[in-house]
Amino acid sequence: MKVLFLTRSYPTRKAPVVAPFTRDHFRAASLFAEVAVLHAQKTRDATALRQVQKEDEIVRVRFRRRPFPSALRGLRELPFRPDLVHGHFYDAATATLLIARRLGVPYVLTEHSTLARPSTRLERLAFRNAGRVMPVSRMLQSALESSGLEARYEVVPNVVDLEHFTPSPRPGRSRLIAVTRMTPVKGVPDLLAALRLLKSRDWHCDLIGGGERLDEYRALASQLAPELGARVTFHGELQRPELAARLREADLFVLASRLETFSVATIEAMACGVPVVATACGGPEELVGPEAGTIVPPGDPAALAEAIDRALSSRFDSAAIARGVAGRFSAEAVGARLLEVYEATLAERV
């Protein structure tokens, strides 16, 4: 089977941490099918519009307003004629529909996030006519349905990279870690407020991630309490090898978000055997059971602090946490789910 991934968000050499979960889906699907990626990147550079860049299985094209015309140019550079098109993100849904019609093949869509703007008529048509629409969580499916997008939904989750995220003995130093974007929806001020309330005394927290509020949150940590600024280290963005090493050094992963459609960072921590305290913000409730950690209400620093204190004094089976994640979210497990969707979609066209 030959499958074309079509997306506007995919890691590049200059931006390796942009939408890595799209690449993980590619790697999962590649275990069961021949897959190529057509990455349409938005640009303001008129001279770049006619350029087509090839990197192994990836064909990159650039567009100014609509990705479809540029994607057509990219089709000529693919190593094969696809049997099926797999679009990623709602902003590529229309182009996926048009490309699939041009090729005369069926298509499916994966949605990773909630819609950032009202859907257009063509986007609604793309969702409705897709062989399957695959949100990465039940929460996201409910959000898409509530927005009025009719589709044949089937949840297929994100992938955890077990090459990098592997378990190791816990160091037992009350080392906390949070991996998140430094944006308002991620609840970093709630996390900092919770850390200030901890009864546990021997702890340190590593905050990993970039974003527009990074400097503001650094300053906030020192403003809340002088000792908080000394106990919290902001690392900025880290690539996977270094991120995985930090997770293996941690005793507890903390997520304080107000909204998550999945939370890949949570399953990466669990794959390293790290227990979790997370907010009930959408995705984590489907990921974290009592054997792996605790779920608390979002926007409640006191409840978050209490759960962190309790988790630091509890014992978790790290190996069991890692095994559970591997069984549900490995590339093999998710790739097999994708293959089922592909085969069902192609069979309906016969």
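A DSSP coil position with no more than 15 other Cβ atoms inside 10 Å describes the following GluC sites (Glu not before Pro) in the range 107-201: E150, E163.
DSSP beta bridges fully contained in the range 78-197 are about 0 percent antiparallel.
Between R81 and E348, residue separation times 0.36 nm minus the direct Cα-Cα distance comes to 94.2 nm.
Among V325, A347, S142, which residue has its Cα positioned farthest towards the positive end of the charge dipole of the chain, with +1 placed on the Cβ of Lys and Arg, -1 on the Cβ of Asp and Glu, and the dipole taken about the Cα centre? With unit charges placed on the Cβ atoms, the residue in question is A347. What the phi angles of the range 77-94 give under the Karplus curve with 6.51, -1.76 and 1.60, with θ = phi - 60°, is a coupling list of 9, 5, x, 7, 8, x, 8, 7, 10, 10, x, 10, 6, 4, 6, 10, 5, 5 Hz, glycine and proline written as x.
Separation of the range 1-33 and the range 142-190, taken as the distance between their Cα centroids, equals 18 angstrom.
State, as an integer percentage, the relative contact order of the chain based on alpha-carbon contacts under 8 Å between residues 6 or more apart. Before the final figure, lay out the partial values.
On the way: 728 pairs, mean separation 58.7, N = 350.
Once divided by the residue count of the chain, the mean separation gives 17 percent.
What separates the Cα centres of the range 259-329 and the range 201-220 is a distance of 19 Å. For the range 88-170, the calculated P(r), taken from all Cα-Cα distances in 10 Å bins from zero up to the bin holding the longest distance, is 18, 46, 21, 11, 4, 0 percent. Taking the average, over residues, of other Cβ atoms within 10 Å as the packing measure, peptides 226-232, 83-89, 266-272, 338-344 rank 266-272, 83-89, 338-344, 226-232 from highest down. Run the reach check for K2 against lysines, Cα to Cα strictly under 22 Å, same-chain hits fewer than 8 apart removed. What comes back? The qualifying lysines are K54. Shape index of the range 163-287: Rg/Rh, with Rg the Cα radius of gyration and Rh the Kirkwood radius from the inverse mean 1/r over Cα pairs, equals 0.93.
Which of the three applies to the range 1-130, rounded, prolate or oblate, going by the alpha-carbon gyration tensor with a ≥ b ≥ c and a/c under 1.5 meaning rounded?
On the way: a/c = 1.20, a/b = 1.03, b/c = 1.16.
Since a/c stays below 1.5, the shape of the range 1-130 is classed as rounded.
Relative to the longest principal axis of the Cα atoms of the chain, the long axis of helix 301-312 lies at roughly 80 degrees. For the range 163-170, backbone phi angles converted through the Karplus equation (6.51, -1.76, 1.60; θ = phi - 60°) give residue-by-residue couplings of 6, 9, 9, 10, x, 8, x, 6 Hz, Gly and Pro being listed as x.
Restricting the calculation to Cα atoms, the chain yields a radius of gyration followed by a Dmax of 21.1, 67 Å.
With bins 5 Å wide beginning at 0, the percent of Cα pairs of the range 87-241 falling in each bin runs 2, 8, 14, 14, 11, 12, 12, 11, 8, 5, 3, 1, 0.
No value in this document is a laboratory result; all are computed from the given coordinates. Values in this document were obtained by computation on a predicted structure and should not be read as measured data. FYI the Cβ positions are ideal-geometry reconstructions off the backbone, even for glycines, and counts take in every protein chain you see.
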